[in-house]
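Here is the structure we will look at, set down as C-alpha cells.
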Amino acid sequence: MYAIIESGGKQRRVSPGALVTLEKIDGEAGSQVELSRVLLVADGDQLKVGSPYVQGARVMSEIVRQGRGPKITVFKFKRRKRYRRTQGHRQAQTTVRIKEIVV
C-alpha cells in the first residue's frame with residue numbers, strides 16, 4: 001500500500017514505515033501529525049485518485065526530528081562592475097515516520 005501526498009508544495013510517495021523528509025512542520029519530536037492532502041491511494045489492484053484530493057483519506061505520521069538541510073551558496077555577480085554578493089542558506093526540514101494510511 002502506498003499514497004502520494006502533497007506537503008510544502010512538493011509531492012511525495014509514502015508507504016507505512018517509511019522515513020520521509022518534508023518541509024518544516026510545526027511540532028516536537030515524538031508528536032503525531034496528520035497529513036490530509038492525499039492525491040492518490042493505491043492498495044494492491046485498487047487505485048483511488050483524487051480531484052485534487054482523495055475524500056476522507058489521510059496519512060498518520062510521527063515526527064522523528066527537526067533539522068536543517070545542506071548548505072547552499074547563492075552567488076550574484078555582474079561582470080565589469082565590481083559587483084559580487086555571496087549568501088548561504090539552509091532550509092528547515094522535518095523528518096517523519098509514516099505510521100498508517102487511512103482511506
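Nothing in this text is a laboratory measurement; each read-out follows from the coordinates by a stated rule. Bear in mind the structure is a predicted one, so any value in this text is a computation, not a measurement. Cβ coordinates were reconstructed from backbone atoms using ideal geometry, including for glycine residues, and neighbour counts include every protein chain displayed.
Miscellaneous remarks
- Structure-derived volume of the Cα convex hull per residue in Å³ - corresponding label in [x] 127; [y] 149; [z] 101: [x]
- Ignoring aspartates and glutamates fewer than eight residues from K99 along the same chain, the ones with Cα atoms less than 17 angstrom from its Cα are E6, E28, E34, D43, E62.
- Cross-link table K10/K71; K24/K78; K10/K78, entries beyond 30 Å C-alpha to C-alpha: K24/K78; K10/K78
- The trypsin sites (Lys or Arg not before Pro) found in region 1-41 that occupy coil by DSSP, while having at most 16 further C-beta atoms within 10 Å, are K24, R37.
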